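Below: one structure, written as structure tokens.
What follows is calculated from the coordinates using simple rules that are stated; it is not laboratory data. Quantities reported herein were computed from a predicted structural model and do not represent experimental measurements. Counting neighbours? That spans all protein chains shown, and the Cβs are built from the backbone with ideal geometry, glycine included.
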Amino acid sequence: AQRVTQPEKLLSVFKGAPVELKCNYSYSGSPELFWYVQYSRQRLQLLLRHISRESIKGFTADLNKGETSFHLKKPFAQEEDSAMYYCALSADSGGSNYKLTFGKGTLLTVNP
Amino acid sequence: DGGITQSPKYLFRKEGQNVTLSCEQNLNHDAMYWYRQDPGQGLRLIYYSQIVNDFQKGDIAEGYSVSREKKESFPLTVTSAQKNPTAFYLCASSDRTGGTYGYTFGSGTRLTVV
């Protein structure tokens, strides 16, 4: 069975500092990895996915299959980055890859 | 806003009652999902449906039931058998590539047992 671990429940940084939100996964196959973000009083939304290799709002994440990690990074944190971040994994589910397994989330606070 | 709509936003239930949470989408997505969000627990999958008239149990299906009679709708019933129903419930949908391109989420329903 697949599993997603986000070791930090809370992460606090100062504005302008680098930030890294950790995500590790366990899955025997080839996973698809995602980061979702939930800003205060807003719905959960997709931030980025590893398949796209894109940078969204200055965030990047690289899939490291050797370390089974998908850490989210941003070189200079902004106050508006304060939110709950969830790492998620999609694994093959009976021939199709629908189901997402989420980590427990990391609450990021960026202080002025 | 269009996309995926959950109602009501807030719901209060008495002990021993069943309640039904609504989820409707106009994205023409095949798949729909129900998650439960608790502080410190992340999102846990309750049920999901890949196609009309078919659904599968997720990780915490006990005490819940669903139906998928229409592509647009995936209501969740929280039954009296659910021992700890107070939580925030999220509905999501995706097309067939949901596992590759991600989900669209609703704004959630907060259920409180009184």
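Miscellaneous remarks
- Think of chain A as having a plus end and a minus end, set by charges on the Cβ of Lys, Arg, Asp and Glu; of A:Gly16, A:Val37, A:Ser69, A:Val37 sits farthest toward the positive end of this dipole.
- Structural descriptor for chain B: relative contact order 35 percent, calculated from alpha carbon pairs under 8 angstrom and at least 6 residues apart.
- About its Cα centre, the dipole of the protein assembly as shown is roughly 360 debye, where the only charges are +1 on Lys and Arg Cβ and -1 on Asp and Glu Cβ.
- For chain B, the fraction of alpha-carbon pairs lying more than 20 Å apart is 34 percent, rounded to a whole number.
- Over the Cα atoms of chain A, the radius of gyration divided by the Kirkwood radius equals 0.97; this is the Rg/Rh ratio.
- Cβ charges +1 (Lys, Arg) and -1 (Asp, Glu), total dipole of chain A, debye: 200 debye
- Where both bridge residues fall in chain B, DSSP classifies roughly 90% of the beta bridges as antiparallel.
- Once the Cα-Cα distance is subtracted from the 0.36 nm per residue extended length, the B:Ile60 to B:Phe12 segment shows a gain of 15.2 nm.
- Unit charges at the beta carbon, dipole of chain B: most positive-side option, B:Asn26, B:Tyr64, B:Pro75: B:Tyr64
- Dividing the helix sum by the residues of chain B, where each DSSP H run of 4 or more adds -39500 (n - 2.57), gives a mean residue ellipticity at 222 nm of -500 deg cm²/dmol.
- Size of the protein assembly as shown: Rg and Dmax of its alpha carbons, in Å, are 17.5, 51.
- Note on A:Val110, B:Val66, A:Val13: ascending count of other Cβ atoms within 10 Å places them as A:Val13, A:Val110, B:Val66, the fewest first.
- Nearest-20 debye value, chain B charge dipole, Cβ charges on Lys, Arg, Asp, Glu: 280 debye
- Ranked by how many other Cβ atoms sit within 10 Å of their own Cβ, fewest first, the residues A:Phe76, B:Phe74 fall in the order A:Phe76, B:Phe74.
- Charge sum, other residues only, whose C-beta stays under 14 Å from A:Arg53's C-beta, Lys/Arg counted +1 and Asp/Glu -1: -1
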